[in-house]
């Protein structure tokens, strides 16, 4: 049981130019839906003085210019938007992200399967059958944290981090999944790799998946992985985006 | 032919910065930008264009020369030792660097960061709408990395700088509040009232282990009430987070946009410059203020910046003894015993 969202959000100051709107204190689909609903509404509202919105699992960080919009006026708008928006968040897009679960590329899949008490094939089948939501980005550019990991794949993070991830590593850890971009050390487990580039400056757009988009994985074999990776290297987008009604 | 700024020597910590990479925090992209936003804007204003980029240098210093033409530079930051061919100049000044001359920037009596803004534009690629360098993710600036000896930065659309060096007057540079003002939160409820009291009354020492990402504070340890892990939330410039070891970190320009440790307080915008200019070993104290007080300080700073900078000719009294000696102003020697 995870705790539900707060009855009404908490408005927490992070200095005079940032306000964190907190809907709960756990990683939970309902709480995150509140965050993403407010994020979408506030982006739509285009309030002067609201400079940047950063959705996280359980809160929306609003960076604003207090010499343009007063905190009290911002909170008034936020209260009315929170009242209007239910927690029924509707994603704008669904991504089909190719993912290779071959242990030759998925460096930690054998280890993770052993910890979970299943075979690597069972692990990859369960992961590929999951439906995910982009909860937030963090840690490094293009590192996209996904909710919706099947409960049978929840495993604690490593006590000490593993070495740098391979490019495009798909990971699990702490009850979540994650698509990474540039190599970084991590406490999570690499259970797949995508040929897609989550962050590519030379491509337009450089970042693909918006927080709030739905994500599912399409298993590809070793050979297909390298074919798609060659296309991605030429600047092609190899994940498929479907707009949702 | 356009002029090129050649880096002759660069200590660690020199990079190209602009006001920061804004608009991509939601994708995990670090904003970077200047450590001392006030000094950065003073240098840019003195160079005649608030929007551009500047070279940020730190205690490791920097030596520069112009190639292919003269280059105007506006310098502002901490009390650095600025010399143009051994001529000592004020730590905030504009100057013309002509080919053959050498500009040296060295750590001076105080301050940790200094900005050199060209009269013109640095010819570098715009990466996600910014020139700011974030070396950890390899973004912006010159090839996404810190500057080093041998680097060449082309200056395009040059504008003329005053023929003689002049001092920059920007009243907000070097403003140093007695205590760094903070607003408590967003996670002050993760700390006991005693821990908050300790935080606000202790004298903190800036650790050697401080960089563009975070300034580490040494002093009493702050006990957490509910553990040191929170579910990640957003992070602002100047957030003071307290990881498991209880030693606070002030998150600076190269912070990640989100983080998972409780944040006891946030340094207010008007006091970030002074904090950034502190050196390892310097002592600081915090004072809690309200949103209204923080905004009043922010408004005062914004008004001062809106009034702009003034340039002042160098007066004799400002010349250093070294400079006077070099110029050999004393035409002859008088023997006091004979008069």
I'd like the residue in the range B:119-141 that is within 10 Å of residue B:17 (Cα to Cα) and in a strand (DSSP E or B) and, out of all such residues, is nearest to the other protein chains (Cβ to nearest Cβ).
B:134
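Looking for something crowded, with 23+ Cβ neighbours inside 10 Å, within 21 Å of residue B:170 (Cα to Cα) and within 14 Å of chain A (Cβ to nearest Cβ) - is there at least one such residue anywhere in the range B:49-61? Spell out how you get there, then give the answer.
Let us first name the residues in the range B:49-61 that are crowded, with 23+ Cβ neighbours inside 10 Å, namely B:53-58.
Those left that are additionally within 21 Å of residue B:170 (Cα to Cα): B:53-58.
If we keep only those that are within 14 Å of chain A (Cβ to nearest Cβ) as well, we get none.
No - not one qualifying residue is present in the range B:49-61.
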Among (1) in a loop (DSSP other than H, G, I, E, B); (2) closer than 20 Å to residue B:74 by Cβ; (3) more than 14 Å from chain A (Cβ to nearest Cβ), residue B:12 falls short only on (2)
Count, please, the residues in the range A:48-64 that happen to be over 22 Å from residue B:184 (Cα atoms), more than 11 Å from chain B (Cβ to nearest Cβ) and touching a strand residue (DSSP E or B) at 6+ places or on another chain (Cβ under 8 Å).
1
State whether one or more residues within the range B:37-55 are closer than 18 Å to residue B:255 by Cα, over 16 Å from the mean Cα position of the chain (by Cα) and modelled with pLDDT of 95 or more.
no
Scanning the range B:15-30 residue by residue, those in contact (Cβ under 8 Å) with a residue 40 or more places away in the chain and at the interface with chain A (Cβ under 9 Å from one of its Cβ atoms) turn out to be B:22, B:23, B:24, B:25, B:26, B:28, B:29, B:30
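Quick one: which strands (runs of 3 or more DSSP E) lie wholly within the range A:139-245 and hold at least 1 residues that are crowded, with 24+ Cβ neighbours inside 10 Å and in contact with a strand residue (DSSP E or B) (Cβ under 7 Å, 6 or more places away or on another chain)? Before the answer, list the steps.
On the way: elements: A:144-147, A:162-164, A:169-173, A:176-179, A:189-193, A:214-219, A:240-243.
Hits in the range A:139-245: A:144-147, A:169-173, A:176-179, A:189-193, A:214-219.
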Residues (touching a residue at least 12 places away in the same chain (Cβ under 8 Å) and part of a loop (DSSP other than H, G, I, E, B)) located in the range A:38-65
A:47, A:48, A:49, A:56, A:57, A:58, A:65
Kindly list the number of the only condition in (1) more than 12 Å from chain A (Cβ to nearest Cβ); (2) at pLDDT 95 or above; (3) surrounded by fewer than 24 Cβ atoms within 10 Å (Cβ to Cβ) that fails for residue B:33.
(3)
Across the range A:92-138, which residue is surrounded by the fewest Cβ atoms within 10 Å (Cβ to Cβ) among those that are within 14 Å of chain B (Cβ to nearest Cβ) and at pLDDT 95 or above?
A:134
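Do you know which residues across the range A:66-89 are in a loop (DSSP other than H, G, I, E, B), surrounded by fewer than 19 Cβ atoms within 10 Å (Cβ to Cβ) and touching a helix residue (DSSP H, G or I) at 6+ places or on another chain (Cβ under 9 Å)? Working first, answer last.
Here is the first cut: in the range A:66-89, the residues in a loop (DSSP other than H, G, I, E, B) are A:66-70, A:85-89.
Keeping just the survivors that are surrounded by fewer than 19 Cβ atoms within 10 Å (Cβ to Cβ) gives A:67-70, A:85-88.
Selection gives A:67, A:69, A:70, A:85, A:86, A:87, A:88.
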Residue among A:7, A:30 that is closer than 24 Å to residue A:93 by Cα and surrounded by fewer than 21 Cβ atoms within 10 Å (Cβ to Cβ)
A:30
Would you mind finding the one in B:141, B:150 that is at positive phi, in contact (Cβ under 8 Å) with a residue 24 or more places away in the chain and surrounded by fewer than 22 Cβ atoms within 10 Å (Cβ to Cβ)?
B:150
Test of understanding: among A:82, A:77, A:35, A:27, which residue is facing chain B (nearest Cβ under 9 Å) and either over 30 Å from residue A:241 (Cα atoms) or touching a residue at least 12 places away in the same chain (Cβ under 8 Å) (or both)?
A:27
For the range B:153-241, which strands (runs of 3 or more DSSP E) that fit wholly inside it have 1 or more residues that are farther than 22 Å from residue A:18 by Cα, in contact with a strand residue (DSSP E or B) (Cβ under 8 Å, 6 or more places away or on another chain) and more than 14 Å from chain A (Cβ to nearest Cβ)?
B:166-169, B:204-206, B:214-218
Please enumerate the residues belonging to the range A:139-158 that are free of Cβ contacts under 8 Å to residues at least 40 places away in the same chain and within 14 Å of chain B (Cβ to nearest Cβ).
A:156, A:157
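The values are calculated or read from the model by the stated rules, or taken from the named source; none is laboratory data. What you are looking at is a predicted structure, and each value in this text was computed from that prediction instead of being measured. Positions of Cβ are generated from backbone atoms using ideal geometry, with glycine treated the same way; all protein chains shown enter the neighbour counts.
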